[in-house]
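No lab work stands behind these numbers, since they all come straight from the coordinates. The shown structure was predicted, so the numbers you read here are calculated from the model rather than taken from an experiment. Please note: Cβ atoms are built from the backbone with ideal geometry, for glycine as well, and neighbour counts cover all protein chains shown.
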Amino acid sequence: MNQLNSVVIEGNVCQEPKVVATSQYNNDKLVVFSLANHRYYKGKSGERKEDTTFIDVQCWGFLAEKCLDISKGTLSRVSGRLRMFSYTDRNTGKKVPKIVISAEHIDYLKKVNGSEEEVTLDAGAVNMVEEPIVIYTEE
């Protein structure tokens, strides 16, 4: 039985989504981007403070193709599941763990003729690759 692995996060897209790999199985693209999630609160002396968390998102297949239309700064809501993998740091040679959201559904606000319109992207019945060959480049 599968255990629950579900996450929903909302934030602003930090950089233009980019294609970083393709699946060896059906040539689906892997698109990655980051979200900046902001939390505002009052400090002890009443001043407004901000706490920002940056979250990496990955999308496959149909959803990945549609994510390429999202631009930097777009307010987006991503739902999906958490995935953990590791990569080798070029400088130290050590394995570094990384957690990303594997997106299954994305809502974002898109400007159309000067007004904002909510757009929904959904992986739907698209077959998600479970164990893809993924190549991340650290820049």
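Would it be correct to say that N26 is part of a strand (DSSP E or B), of a type outside the set (A, V, I, L, M) and surrounded by 10 or more Cβ atoms within 10 Å (Cβ to Cβ)? Here the answer is no, as N26 does not meet what is asked.
Close Cβ contacts (under 7 Å, 6 or more residues apart or on different chains) running from residues in the stretch 18-37 that are within 12 Å of Q58 (Cα to Cα) to residues that are of a type in the set (D, E) and part of a strand (DSSP E or B) comprise V32/D56; S34/D56. Look at G46 and say whether it is surrounded by 10 or more Cβ atoms within 10 Å (Cβ to Cβ) and not hydrophobic (A, V, I, L, M, F, W, C). Criteria not met by G46. Restricting the stretch 79-98 to residues that are surrounded by fewer than 11 Cβ atoms within 10 Å (Cβ to Cβ) and in contact (Cβ under 8 Å) with a residue 12 or more places away in the chain leaves a set whose member that is nearest to L35 (Cα to Cα) is M84.
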